[in-house]
Structures are given as structure tokens and as C-alpha cells.
Amino acid sequence: MVRYAIIGGTGVYDPRILTDLRRERVETPWGAIEVQIGTYKGREVAFLPRHGADHSVPPHRINYRANIWGLKKLGVERVLATTAVGSLNLEMKPGDFVFIDQFMDFTKGGRPLTFFEGGPDGVVHTDVTEPYCPELRKTLIQAAEELGLRHHTRGTYVCTEGPRFETAAEIRAFRTLGGDLVGMTNVPEAVLAREAGLCYAVISMVTNYAAGISPQPLTHEEVLEVMAANAEKLKSLAMRCLEQIPETRGCSCGKHTPPLKV
Ligand code: HPA
């Protein structure tokens, strides 16, 4: 049974921390996804690059529902996701890991945000007071401490629509509102994972200071460079965490919504 998954964000396309890799196609009501499945320390893990294996899918066109539904259908219960982020918080520097504990949604409504569209199953409002799995976050924090990696144990992620970067004024506003980091993909991914009853936590890697804080214009190349420079650290963190996730779930992530019939 494939009970674990890694959703790789920008700069994370290589599943070779896993052995005995095979490809699997999973059909969902929103189209098929393709994952690679392998083993790490006796645990079967699915690897799904969010932007496609060749980074061809921009944030606003990712098929978030197919991705989460497909993982659920495989039997996944725990998901570690990676995100490259810009920083609004001078304490969170390029190269730092942040284990975000909150998000703010500034997407513009063009993305399907839910599995629950009403009809015979009724209306579902899902609790996201604490949007990320506390048990997975604790495991990540412990792994980062053991590995001596620079990290922050909390952070508020502001999700923008993209694919453009933000204006300096937008970043000033997000800072005033209490945002620490900015990225383009964590909503609706985190929300759908909660709706599907999955444990979900994020390894955010700061790749740049956000617009107006950074002294130079932002580029995707800069983001990729910082991700590449920190790839080994990210791999060791994901491996240590995968190995230390408690066998049975001690959180309530699976209990917030009616079970999804995949
Ligand atoms: N803004 C939005 N998304 C990002 C950034 C940023 O500055 N850096 C990496 N992903």
C-alpha cells in the first residue's frame, strides 16, 4: 500500500531518493495523473512533480483536484509537499527552510478550490483553523533540528494567483497583514488535502526576498538556482522525515470532512 507521498514543487523533480521506481497512471474524475512509486526504508512512497516532470504547468493551471484525488485513490495518507517561496520576513533568509503553519488565500477565484460542489452529498464546510498536519510538522521540525538545518518552525504563507511575481505594493500589503512568505501553489493544494482527509505538511524553501524587498528584479532562474544549491539539504530532510513519521496517525486530519468516495 502506498501510504506516503511527496509533491515536488519548483526545483524538485527527481524521485531518486526512492528505490525500485515504477510509473503508475491514476484515473480521477478530473483527468489522469502520473506518479512514480518507489520505496524508502520499507515505506512505499508516491512522487508527484506538481508542475510536471519538465516544469511545463504554471501554478494557475495545475490540476490540483486530480493530483490530490489520485494520491487518495492510491491509498496515500501522508503528504509532504515542497514549495519555493519568496520571503517578506527579513528573519527568513534565502536558503532557510520554513515549516508553514498558516496560509492566506489571495488567488483570484480561477482555480477550483474544493471537492465538495453540493448536490446530493450536501454542502460541506471544512475546518482549516490549523491547515497543516501538526504531527507531520513536528516530524519535519525534529528532522531539521537533527540535521542542523537553518529553519523556522512556523510561518504564514500568502498564496497569489501568479504566474507573474507580485508588485512591491502587494508585498507591503501582505506584510502588514502578517504574511511571512509568498508563493503561488499552496492554495488550493492544502485545502484539497484536508478535504480528502490527508495529513499534509510543507517544506518551504526561501529562494529570494519578495518584490520591493529584493534589491533586484525577480527571476525564475534565481528561484531555480537557490533550489539547486539546496537540493541535497532538501533531500536529506525529506528522507529523515519519511523515516520518522509515526506508523499510525495521531492527529485529526482524517476527521474534518465526510470521507471522500474515491
Ligand atoms: N513570489 C511568488 N512565488 C515565489 C516567489 C516570489 O517571490 N519566490 C518563489 N516562488
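Brief remarks on what is shown
- Arg154 of a type outside the set (A, V, I, L, M, F, W, C) and either within 16 Å of the ligand (Cβ to nearest atom) or in a strand (DSSP E or B) (or both): no
- Just so you know, in region 216-257 the residues that are in contact with a strand residue (DSSP E or B) (Cβ under 8 Å, 6 or more places away or on another chain) and outside any helix (DSSP H, G or I) include one that is surrounded by the fewest Cβ atoms within 10 Å (Cβ to Cβ), and it is Cys251.
- Residue match in region 96-107 (condition: away from the ligand (no atom under 16 Å from the Cβ) and not in a loop (DSSP other than H, G, I, E, B)): yes
- On the stretch given as region 180-216, residues that are modelled with pLDDT of 95 or more and within 11 Å of the ligand (Cβ to nearest atom) total 16.
- Of the residues screened, Ile171 is not one that is within 16 Å of the ligand (Cβ to nearest atom), not in a helix (DSSP H, G or I) and not small (Gly, Ala, Ser).
- When residues of region 174-194 are limited to those that are touching a helix residue (DSSP H, G or I) at 6+ places or on another chain (Cβ under 8 Å) and in a helix (DSSP H, G or I), the one surrounded by the fewest Cβ atoms within 10 Å (Cβ to Cβ): Pro188
- Residue tally, condition surrounded by fewer than 20 Cβ atoms within 10 Å (Cβ to Cβ), hydroxyl-bearing (Ser, Thr, Tyr) and over 25 Å from Glu170 (Cα atoms), over region 92-144: 2
The values are calculated or read from the model by the stated rules, or taken from the named source; none is laboratory data. Only a predicted model underlies this, so the values are computations on that prediction, with no experimental measurement involved. Virtual Cβ from ideal backbone geometry, glycine too; neighbours counted across all protein chains shown.
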